[in-house]
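The values are calculated or read from the model by the stated rules, or taken from the named source; none is laboratory data. This one's a predicted model, so the numbers in the text were calculated from it and none came from an experiment. Virtual Cβ from ideal backbone geometry, glycine too; neighbours counted across all protein chains shown.
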Amino acid sequence: MNTTVDYFNVGELFGEEYLLIRDTIRDFVRAEILPTIDQKAQRHEEIPDLMKKLGQIGALGPFVSSAYGGAGLDYMAYGVIMQELEAGDSAIRSAASVQSSLVMYPIYTFGSEEQKNKYLPMLASGDCIGAFGLTEPNHGSDPSNMETRLVKDGEGYRLNGAKTWITNAPICDLAVVWAKDEEGKVRGVIIERTDVGFSTPEIKDKWSLRASRTGELVFDSIYIPSERLLPDVSSMRGPLSCLNSARYGISWGVIGAAIDCYQVALQYASERTQFGKPIAAYQLQQKKLAEMITEITKAQLLSWRLGVLKNENRATPQQISMAKRNNVHMALQVARESRQILGAMGIVGDYPIMRHMMNLESVITYEGTHDVHLLITGQDITGISGF
Ligand code: TGC
Ligand code: FAD
């Protein structure tokens, strides 16, 4: 039996440093996540002190300079970290994605020196939990039509509106929120938990990402001092650049979930006997397993190449869309097929597959739906917008 999940020796393309990072995060997931994740997901609870734990292993804003508390690593390292975290659960990767790519990245890239010094170290350590508000009740795939408004008021601004489906909203200490100003320009603002008029109702009873909290961000005429405006961006380029970073990380993360499902299915198929033979001996099951490892291998190579391009600052948003779309779909297919290989055992919490499968139903929708990413590719190759 060949249990490798690195069929094309992709690991050899990485330097020692990345393998060390991979093993460190893998050990963390084994010790801190795997023992309780099923119970937490079943009970709709998060892992206690998750963000601080992620901070301690350098998984928050790894690409942020050490001058601001980050690990000063590159994008390949970020990808490897995401892969290992999501092998544990998408909720763990989600926490790290949002904090790193959607909260730290915009402050690091578009923030003032004061904002970077004030917020980045506490976000990197996990002492402060961030959220990212782009999606609104009436605008999910079309955030450019957002209704949240920022209106000048004396030395500062007033913020009115609401964001929904926001990861970590109920537990966030601050949020990077995108709103339109009086000129219709998209601006990023930092909201703090104690701001008067800020509330974060929770969205309950999800069947997916049950170890992650999701909610709304509601702004009832919140006063925003002007120093909380991100100074260096005033268009949709702001939020969409954050998405480039997060989507890149997801393209890696879901490979971790897929590998976890595949490994469990392969092991189970070799042990489970029906009609006198291990089910792995039957061609129908071999087809499933062979196609899974093929698709995982293709995804690994896609993300590795994207990592090289990202490190060289040459990865286009369209390339990132293709990788996010392909790899999430791949992981969801692997999870669905793996679950079938386990028969009835595939639906219980003794195995991680159903949990991964349910999580991936969110991952295929957030950070741009499967359809939106196809339309991005379609627009790129034809020059015609299909939106
Ligand atoms: P469009 O007219 O094409 O462009 C408007 C401006 O933005 C620029 N731009 C980008 N810049 C950087 N990166 C990108 N990927 C960019 N795409 C476009 C563009 O150059 C232009 O700039 P400027 O300066 O000329 O104004 O934009 P559009 O309004 O037609 O929208 C395009 C579309 C549909 C692709 C975009 O809106 C989109 O991606 N929609 C999907 C929304 C989405 O992904 N939302 C995610 C919310 S966050 C989330 O889900 C977090 S889950 C986290 C977790 O828990 O892990
Ligand atoms: P809609 O945009 O209403 O789409 C519904 C369907 O219509 C989809 O199948 C879509 O593909 C399709 N569709 C839309 N437009 C077109 C078109 N032009 N052509 C063809 N088909 C189309 N958002 C944040 O801002 N921050 C977060 O932290 C965050 N976390 C999330 C966490 C979870 C668990 C989930 C589920 C979502 C989260 N989101 C977050 C929101 C997420 O980004 C949106 O759900 C996503 O962008 C899709 O928006 P929507 O749900 O409104 O779907």
Can you tell me which residue is surrounded by the most Cβ atoms within 10 Å (Cβ to Cβ) among those in region 266-319 that are of a type in the set (Asp, Glu) and within 16 Å of residue 3 (Cα to Cα)? 295
Being away from ligand 2 (no atom under 16 Å from the Cβ) and either in a loop (DSSP other than H, G, I, E, B) or under 16 Å from residue 125 (Cβ atoms) (or both) narrows it down to one of 70, 79, so name that one. 70
Of (1) modelled with pLDDT under 95; (2) part of a helix (DSSP H, G or I); (3) not polar (S, T, N, Q), residue 6 satisfies all except one. Which? (2)
Evaluate region 128-146: report whether one residue or more is under 17 Å from residue 227 (Cβ atoms), free of Cβ contacts under 8 Å to residues at least 60 places away in the same chain and among the β-branched types (Val, Ile, Thr). no
Restricting attention to region 341-386, which residues are among the aliphatic types (A, V, I, L, M), in a loop (DSSP other than H, G, I, E, B), farther than 16 Å from residue 330 by Cβ and within 15 Å of ligand 1 (Cβ to nearest atom)? 384
Flagged in region 162-178 as among the hydrophobic types (A, V, I, L, M, F, W, C) and either more than 12 Å from ligand 1 (Cβ to nearest atom) or surrounded by 24 or more Cβ atoms within 10 Å (Cβ to Cβ) (or both), in numbering order, are 162, 166, 169, 171, 172, 174, 175, 176, 177, 178
Please determine whether any residue of region 329-343 is over 18 Å from residue 5 (Cβ atoms) and within 15 Å of ligand 2 (Cβ to nearest atom). yes
With the first residue restricted to region 91-106 and required to be closer than 21 Å to residue 39 by Cβ, and the second required to be of a type in the set (A, V, I, L, M) and within 10 Å of ligand 2 (Cβ to nearest atom), Cβ contacts under 7 Å at 6 or more apart or on different chains are 91/209; 94/209
Checklist (1) in contact (Cβ under 8 Å) with a residue 40 or more places away in the chain; (2) among the hydroxyl-bearing types (Ser, Thr, Tyr); (3) buried (at least 16 other Cβ atoms within 10 Å of the Cβ) applied to residue 365, failing item: (1)
Mind listing whichever residues of region 179-222 are buried (at least 17 other Cβ atoms within 10 Å of the Cβ) and among the small types (Gly, Ala, Ser)? 179, 188, 208, 211, 212, 215
Between residues in region 31-45 that are polar (S, T, N, Q) and residues that are assigned to a helix (DSSP H, G or I), which pairs lie under 9 Å by C-beta distance while being six or more apart or on different chains? 42/355
Failed condition for residue 104, given (1) of a type in the set (A, V, I, L, M); (2) within 16 Å of ligand 1 (Cβ to nearest atom); (3) outside any helix (DSSP H, G or I): (3)
Quick test of your reading of the structure: residue 221 fulfils all but one of (1) more than 30 Å from residue 336 (Cβ to Cβ); (2) in contact with a Phe, Trp or Tyr (Cβ under 9 Å, 6 or more places away or on another chain). Name the failing condition by number. (2)
Report yes if residue 253 is within 30 Å of residue 346 (Cβ to Cβ) and either buried (at least 19 other Cβ atoms within 10 Å of the Cβ) or without any contact (Cβ under 8 Å) to a residue 24 or more places away in the chain (or both), otherwise no. yes
Would you check if there is a residue in region 122-138 being modelled with pLDDT of 95 or more, assigned to a strand (DSSP E or B) and near ligand 1 (Cβ under 9 Å from one of its atoms)? yes
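Okay, residues lined up against (1) among the basic types (Lys, Arg); (2) touching a Ser or Thr at 6+ places or on another chain (Cβ under 8 Å); (3) within 16 Å of ligand 1 (Cβ to nearest atom):
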site: 192; (1), (2), (3): no, no, no
site: 203; (1), (2), (3): no, yes, yes
site: 212; (1), (2), (3): no, yes, yes
site: 215; (1), (2), (3): no, yes, yes
site: 224; (1), (2), (3): no, no, no
site: 236; (1), (2), (3): no, yes, yes
site: 247; (1), (2), (3): yes, yes, yes
